[in-house]
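Here the structure comes first, spelled out in structure tokens, and everything after it is commentary.
The values are calculated or read from the model by the stated rules, or taken from the named source; none is laboratory data. Treat the numbers as computed from the prediction; the structure is a model and nothing was measured. Cβ sites come from the backbone with ideal geometry, for glycine too, and all protein chains shown count toward neighbours.
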Amino acid sequence: MIENFNGIFYLAIFLVILAMNTFYGYSCLFNTKNFMNKYGIDITSAFFCRFAGLMIAGSVLMQLYILFRGTEVHLYTKPLEKKHQLTLQPLLLPPEPLLTLAEMHAV
């Protein structure tokens, strides 16, 4: 596990960030009222506090996945065939007008 993070130093930093995110996410999601009272936030913003906690909880899940699965990524590098290649050319062309100016004045 240590070799996946390029040494004990980076693993320790990763674990500290994971612990801080876990605490913050738990405080926002499950201990909302006490968390908001601690910082003097009104109870009407509880939805946004829980929403922020949900974002942090998602990052905690990703961090746990990285912790146990490793940091290496295996990319699919086979080039796409010509017919499957994506292009931005249709998006860069101006759209065709639905009505001409003469048709607009006639309406």
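Just a few scattered comments:
- Filter pass, Leu29 being in contact with a Lys or Arg (Cβ under 9 Å, 6 or more places away or on another chain), within 26 Å of Gly53 (Cβ to Cβ) and hydrophobic (A, V, I, L, M, F, W, C): yes
- Region 28-41 - residue that is over 20 Å from the mean Cα position of the chain (by Cα) and part of a helix (DSSP H, G or I) and, of those, nearest to Ser59 (Cα to Cα): Phe30
- Some residue of region 68-85 being under 24 Å from the mean Cα position of the chain (by Cα), at pLDDT below 70 and hydrophobic (A, V, I, L, M, F, W, C): yes
To keep it simple, each residue is scored yes or no on (1) modelled with pLDDT of 95 or more; (2) loosely packed, with under 12 Cβ neighbours inside 10 Å.
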position	(1), (2)
Ile2	no, yes
Phe9	no, yes
Val16	yes, yes
Asn21	yes, no
Met36	no, no
Ile43	no, yes
Phe47	no, yes
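- Boolean, Met55 is free of Cβ contacts under 8 Å to residues at least 24 places away in the same chain, in a helix (DSSP H, G or I) and within 22 Å of Arg69 (Cα to Cα): yes
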